[in-house]
Amino acid sequence: MSRRALRRLRGEQRGQEGPGLGLGLGPLGQLGGDLGPHRAREAGPPPATGSRPRAAVSNRFELIPAEESEDEPPAGEERADTRLSEQDTAGGNKEGNRARNKEGAVTEDTDDGQREGEEAEQPDQMPASSNKPRKKKKKRKPKKTSAGDTVEDNDLEDIDSLLERLEDPGGLSPQSQGGLIADSRPLLYVEHRNLNPENELKRYFGARAVLGDQRPRQRQRQYVRSTWLTAPKNTWPRYSKTGIAMRLLDTRRGVQHFTFEHHREYQQVQFKFLDAVESMDPNNIVLLLQMNPYHVDSLLQLSDVCRMQEDQEMARDLIERALYSLECAFHPVFSLTSGTCRLDYRRPENRAFFLALFKHLMFLEKRGCPRTALEFCKLILSLDPENDPLCVLLLIDFLSLRAREYTFLTRLFQEWESHRNLSQLPNFAFSVPLAYFFLSQQEERPELERSQARERAARLIQLALIMFPSVLMPLLDHCSVQPDARVASHPFFGLNAQISQSPALNQLTSLYVGRTHALWKDPAVMAWLEPHTHEVLRMVEAQDPLVQEAEHKRKIRYQSAPRNIYRHVILSEMKEATAALPLEVTSQPVMGFDPLPPLDSIVSYTRPERTSHPSNESTLSLFFRSLLPNFNLQGDIRHDGDDEAGAGQDLNQGVNRLMAAMRDMLANIQFQEPPRDDNPEGDGDWD
């Protein structure tokens with residue numbers, strides 16, 4: 001028992017107790033008299049050498065309520081205290097004597113161990129009273145541990161049952177149609193811990209291998225703002241407000257629409273950036289970043305330049321700096337994890353955030369962090385799920401398979417198939433059955449779930465082969481697998497299937513094969529694919545209606561790809577898909593900071609026209625200007641209006657300046673004589 005409980009029992013304040021525990025006469029005996037005469041009989045007959053108050057003191061531990069005691073009393077004491085409390089409530093002070101008799105009987109029956117300990121300590125009541133709490137605590141410690149564990153186990157069971165009821169309020173089975181455990185969170189829910197690639201690398205290699213010597217350096221680092229998308233580095237310039245802000249436009253049906261805004265000073269920097277891009281000199285962008293180290297579009301454009309020069313580390317660092325700059329401008333209400341915050345890609349101010357996230361996840365995927373890349377992909381999709389301006393639906397299946405998030409991929413397919421027709425995309429048509437196949441191979445799942453996953457995988461892969469027969473042969477070719485004679489010679493999967501499809505469909509199939517062919521190289525996957533391929537050939541030979549329906553759909557659909565697919569192909573840089581881009585896309589310049597801007601852009605501010613006068617210089621004048629940058633045939637431009645009378649005089653002056661420039665150029669030409677050979681016979685080294 002703690003000293004605090006003893007002080008509360010005795011009615012003393014802190015600092016009033018004497019040396020030791022002080023369990024003698026005085027306030028404690030008086031307190032015993034106040035609490036009722038029946039408490040004095042709990043310890044049985046008083047000892048021969050002690051006085052009655054001391055005998056009453058030996059039982060004062062029973063006066064401590066259950067919530068104040070640190071130890072759980074034995075079962076006998078619980079029954080005794082329960083009966084005593086009931087008697088006190090029923091009888092009150094008038095029946096005190098009868099309560100003492102009953103209490104004595106109960107105490108004799110249920111508290112024999114306690115009485116034996118008290119009789120053993122009767123010769124010296126004072127030290128016994130002071131040592132008794134510690135002995136009782138030691139005796140009750142094993143009981144406390146076991147009882148505490150039981151209580152904790154019961155609490156955990158209650159929490160688990162409560163969570164199950166919350167996840168399934170209807171009391172139904174928490175399994176979906178495909179035999180998978182349902183998740184009550186939103187589909188595009190983003191977790192903060194999954195946005196940090198170091199957490200994923202720690203799971204793979206351990207914290208010591210990932211962090212290394214970074215821990216002592218972080219203690220000495222100056223204070224920086226904590227962010228979720230990326231961690232600021234010591235090598236970055238000091239951050240200051242860049243002139244970017246975020247504003248809440250409106251809230252409709254629980255969805256909040258935001259937009260980035262450029263202040264006037266940032267707009268001026270943006271105009272300088274556009275001038276630097278038009279100069280086609282990356283050094284101008286570098287100079288601009290030296291003055292404005294957190295200008296987002298400059299960081300994106302220079303990142304592409306570094307990536308083309310094989311400087312991947314610098315390219316990734318610039319993208320992270322752009323994300324940090326944008327996150328520092330977030331609105332206080334803007335949430336990355338809720339999945340209910342929207343940004344309109346038609347606004348030029350918002351495009352940098354989409355592009356920075358996309359390029360960052362591509363670096364994460366190449367770095368070997370597919371789970372983190374998948375989380376960023378979900379974040380991009382949650383910003384505009386209806387329009388999907390970067391068409392990340394063509395990428396999210398690949399990241400889900402690489403991260404082994406098969407449940408998320410199957411759930412996405414089930415919830416969005418009805419209104420998005422995901423099965424009409426080759427990547428979902430083949431990746432979803434592959435995800436079901438991997439789920440069927442997990443031995444920790446129940447056999448019922450595994451059998452349901454096998455059935456769905458078989459049915460969906462057959463539908464995919466019927467709908468997109470041109471995927472099979474390129475996929476086997478990338479996997480270095482030679483098909484059997486029946487499959488190789490059949491015209492359904494032959495070269496005709498690839499030639500007859502539209503260019504838009506060819507882009508989708510080429511993009512999928514080039515991106516995900518490594519996932520199909522598993523021998524178990526090929527062994528699972530082979531019988532279903534023969535089953536499809538049997539259906540083709542039997543002229544199944546599904547085959548004819550799929551052929552009709554291919555002819556009607558996929559006439560032309562939307563602009564967001566072209567944008568995705570350009571950003572992905574897949575050689576197989578980039579080669580199939582149409583001429584209207586490849587003929588126009590594509591900038592890394594804004595590839596293929598939407599045709600219906602919402603422009604908030606425009607770039608002012610530069611005050612440049614039209615040049616009427618001839619080819620000869622341009623030639624001499626390239627040789628002599630200071631040469632100007634037309635002389636100084638007149639600002640006081642047109643003076644046709646002086647046109648001839650200006651022409652004469654221009655010719656005179658040209659002749660003077662020619663004379664200066666010829667006068668500065670010096671011809672160097674070739675060195676004389678003083679030894680015409682040579683050194684004699686040649687034979």
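The values are calculated or read from the model by the stated rules, or taken from the named source; none is laboratory data. All values derive from a computational prediction rather than experimental measurement. So basically every Cβ, Gly included, is an ideal-geometry build from the backbone, and we count neighbours across all protein chains shown. Heavy atoms of the whole protein, side chains included, go into the accessibility calculation; ligands, DNA and RNA do not. Shrake-Rupley method; radii C 1.70, N 1.55, O 1.52, S 1.80 Å.
Return the FRET efficiency for the residue pair TRP416, LEU583: r is the Cβ-Cβ distance, R0 is 30 Å, and the value is rounded to the nearest 0.05.
The computed FRET efficiency comes out at 0.35.
Could you work out Rg/(2.2 N^0.38 Å) for segment 392-561, with Rg from alpha carbons only?
Cα-based Rg divided by the globular estimate yields 0.99.
Using a 10 Å cut-off on Cβ atoms, rank the peptides 337-350, 199-212, 256-269 from the highest mean neighbour count down.
Listed from highest to lowest mean packing, they are 337-350, 256-269, 199-212.
Just the accessible area for VAL255, please: 1.4 Å probe, Å², rounded to the nearest 10?
Roughly 30 Å² of VAL255 is accessible to a 1.4 Å probe.
Going by Cα centres, segment 374-427 and segment 253-281 are how many Å apart?
Spelled out, the Cα-based centre of one part sits 29 Å from the other.
If r is the Cβ-Cβ distance from TYR189 to VAL286 and R0 is 45 Å, what FRET efficiency results, to the nearest 0.05?
Details: r = 40 Å, r/R0 = 0.89.
Rounded to the nearest 0.05, the efficiency is 0.65.
Pairs to check: LYS378/LYS575; LYS366/LYS575; LYS241/LYS272; LYS202/LYS241. Give those whose C-alpha atoms are more than 23 Å from each other in this structure.
Exceeds cut-off: LYS378/LYS575; LYS202/LYS241.
Counting Lys +1, Arg +1, Asp -1, Glu -1, what net charge surrounds VAL190 among other residues with beta carbon under 11 Å of its beta carbon?
Residues near VAL190 contribute +1 overall.
Please give the net charge around TYR345, taking every other residue with its beta carbon less than 13 angstrom from that of TYR345, where Lys and Arg add +1 and Asp and Glu add -1.
Around TYR345, the charge tally is -1.
How big is D for segment 482-557, in µm² s⁻¹ as a whole number, if Stokes-Einstein is applied with the Kirkwood radius of its Cα pairs at 20 °C and 1.002 mPa s?
152 µm²/s
So, by mean Cβ neighbours within 10 angstrom, what's the order for 410-420, 535-545 with the highest one leading?
Per-residue Cβ counts within 10 Å, averaged per peptide and sorted highest first, yield 410-420, 535-545.
By per-residue mean of other Cβ atoms within 10 Å, what is the highest-first order of 282-294, 474-486?
In decreasing order of mean packing, 282-294, 474-486 become 282-294, 474-486.
At ASP600 and GLN309, where each label point lies 7 Å from the Cα along Cα→Cβ, what is the point-to-point distance in nanometres?
That separation, rounded to one decimal, is 4.1 nm.
Mind jotting down the distance between the C-alpha centroids of segment 561-595 and segment 464-514, whole Å?
Answer, in whole Å: 23.
Under a Cβ-Cβ cut-off of 13 Å, what is the net charge of the residues other than LEU249 that fall near it, where Lys and Arg count +1 and Asp and Glu count -1?
+1
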